[in-house]
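One structure is given below, encoded as structure tokens.
The values are calculated or read from the model by the stated rules, or taken from the named source; none is laboratory data. Fair warning: this is a prediction, and the values are worked out from it, not measured in the lab. No Cβ is skipped: glycine too gets one built from the backbone with ideal geometry, and neighbour counts run over all protein chains shown.
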């Protein structure tokens, strides 16, 4: 009896330990695929390919594109979009009702004739918070390229050709969400304060193909005139600019500077109580 009892106890212990050591294969497979089971095999949902570091977008941009703050190149815009013809003395408008559109790029040129136009931003009835008058002696050689801020939605951009009927122009108005804030951060030029009534000039080498100009204030109105000179008092391009808030609606423009002896002159046409901050530098170099 004692021998039989000892054998029976050994069999019970052996079966119990075998139950805890060896599990069915199906049960082991189920536990191996469970996220909460530490089995040494990672579940399928936890396995992923090695992540490739994302490259910064500005590393693939040319120096001219980085200087332009990410604005779309002029040539690409004219080639991909259909321009609108604005006859002399006529008016065309573009509406942007979406509040997601915070800035608009405006392009204008002619077939070689002079360009005279007024560009206005309408926001609500009888409210024009931003407007500019543009004159270009040769509209094909020096096309107009500027950015207009359109915050808070329900904005319209109006272009009026103030020239005669014999001088039509072509225009492109495209939503551009790159923002002027990114332009200011990417700019390497130090801002220069121009007091009301003061004049400042910037001379450029013949290798500079285009110049970027950015004007802002500390929240006060912005009144300025930008002139491209090539020789004594020889205006090739003139921009008369007004904004009711120079911080909310700064001016950013790219001016083509072909040839030699190019000088950009900025005049603060406001009174001495309204200074402005100017950033002027090369946008592209040949």
Top-ranked residue of the stretch 150-187 - restricted to ones that are at pLDDT 90 or above and in contact with a helix residue (DSSP H, G or I) (Cβ under 8 Å, 6 or more places away or on another chain), ranked as farthest from residue 256 (Cα to Cα)
174
Using the structure shown, decide if residue 89 is assigned to a strand (DSSP E or B) and within 30 Å of residue 230 (Cα to Cα).
no
I want to confirm something. Restricting to the stretch 110-142 and keeping residues that are within 22 Å of the chain's Cα centre (by Cα) and not in a strand (DSSP E or B), which single residue is farthest from residue 156 (Cα to Cα)?
142
Considering the stretch 247-274 alone, what residues qualify as being within 23 Å of the chain's Cα centre (by Cα) and either crowded, with 21+ Cβ neighbours inside 10 Å or part of a strand (DSSP E or B) (or both)?
249, 250, 251, 252, 253, 254, 255, 256, 257
Looking only at the stretch 137-164, count every residue that is surrounded by fewer than 22 Cβ atoms within 10 Å (Cβ to Cβ) and without any contact (Cβ under 8 Å) to a residue 40 or more places away in the chain and tell me the total.
1
